[in-house]
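**Q** Encoded as structure tokens, here's the structure I'll be asking about.
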Amino acid sequence: MTRLLDIQNLSVTFGGLHALKDLNFHVDEGEIVGVIGPNGAGKTTFFNMISGMVTPSSGQILFEGESMIGLDPNQVTQRGISRTFQNVRLFANMTILENVMVAQHCRTSRGVWGSLLNTKGFRQEEKEIREHGEKVLGFFGSRLIGYRMDQPASVLSYANRRRLEIARAMATKPKLLLLDEPVAGMNPMESAELTDLIGKLRSEWGFTIVMIEHDMDVVRDVSDRVVVLDHGETLAQGSFDEVSTNPEVIEAYLGRPLEKRK
């Protein structure tokens, strides 16, 4: 398999405390990798560093063999990495369709003058952006299309807001999709539906996926490989069955005496 993302000896320190320490991690093209760990394990910091929101103290992030260190989040997106957030971050006053259309402007080429002059090329590009936005929204069935597309994102239910955030990430045409707790706050039926859709993000759209998730049913059902973080370090990795029965992983979730934390 082709290695898409390769993280080598990555560390980040905040005020002398290690959020991540000498982390090694990789994702092969076409994989779905689940990242789990107790609260405070460094999972969100891990995503923030990949997406350019936090600069590592040391180490390397390679995407398709090229360094990502020092890139701004918009440059990371242009390179082919997109993400969702644990706390939904939509443009609440924009319509549902506008939310996915605006995400595509990292791929546009007509620029400010094309917009100001309303050139033929600009109009064609906007038409293609709208069509792609509608296609992305259609992936989620009837929940985000039809009359809903022209409604503001603020009217959506919580579950549909999470779907729209995934749609917005999809719209950037990424190669690697980072999903930060995609089913958080959903009921069991909604979680099961989104679990099925995560699998289709790979099988139908060709995305490679790294997913942070606390719902072990979701992790079990879609992950090819599971990586466990604890105190900013890799505690274990392997299949879900291997990881879920690992004594050290069980201790990390259930707690362990301080004298063992060495």
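**Q** Count, please, the residues in the stretch 159-184 that happen to be outside any loop (DSSP other than H, G, I, E, B) and either within 14 Å of Thr95 (Cα to Cα) or free of Cβ contacts under 8 Å to residues at least 60 places away in the same chain (or both).
**A** 8
**Q** A further question on this structure: Only strands (runs of 3 or more DSSP E) wholly contained in the stretch 1-93 count here; list those with 1 or more residues that are within 27 Å of Ala252 (Cα to Cα) and among the aliphatic types (A, V, I, L, M).
**A** The qualifying strands (runs of 3 or more DSSP E) are 3-14, 17-28, 32-36, 58-63.
**Q** Being part of a helix (DSSP H, G or I) and farther than 25 Å from Gly40 by Cα is the filter here, so list the residues in the stretch 199-225 that pass it.
**A** The answer is Gly199, Lys200, Leu201, Arg202, Ser203.
**Q** May I pose another question? Sort out which residues of the stretch 65-84 are of a type outside the set (Val, Ile, Thr), more than 23 Å from Lys135 (Cβ to Cβ) and buried (at least 16 other Cβ atoms within 10 Å of the Cβ), and write them in order of number.
**A** Of everything in the stretch 65-84, those that are of a type outside the set (Val, Ile, Thr), more than 23 Å from Lys135 (Cβ to Cβ) and buried (at least 16 other Cβ atoms within 10 Å of the Cβ) turn out to be Met68, Leu71.
**Q** Another question about this same structure. Can you tell me which residue in the stretch 238-252 is modelled with the highest pLDDT, limited to those that are touching a Leu at 6+ places or on another chain (Cβ under 7 Å) and either aromatic (Phe, Trp, Tyr) or surrounded by 17 or more Cβ atoms within 10 Å (Cβ to Cβ) (or both)?
**A** Taking the candidates together, the pick is Val249.
**Q** Please determine whether any residue of the stretch 138-150 is at pLDDT below 95 and within 21 Å of Asn48 (Cβ to Cβ).
**A** No, there is no match, as no residue in the stretch 138-150 is at pLDDT below 95 and within 21 Å of Asn48 (Cβ to Cβ).
**Q** State which residue is farthest from Glu181 (Cα to Cα) when the search covers only the stretch 27-53 and only residues that are surrounded by fewer than 16 Cβ atoms within 10 Å (Cβ to Cβ) and free of Cβ contacts under 8 Å to residues at least 24 places away in the same chain.
**A** Met53
The values are calculated or read from the model by the stated rules, or taken from the named source; none is laboratory data. For clarity, every value in this text was computed on a predicted model and none was experimentally measured. Don't worry about glycine lacking a Cβ; one is built from the backbone with ideal geometry, like all the others, and counts go over all protein chains shown.
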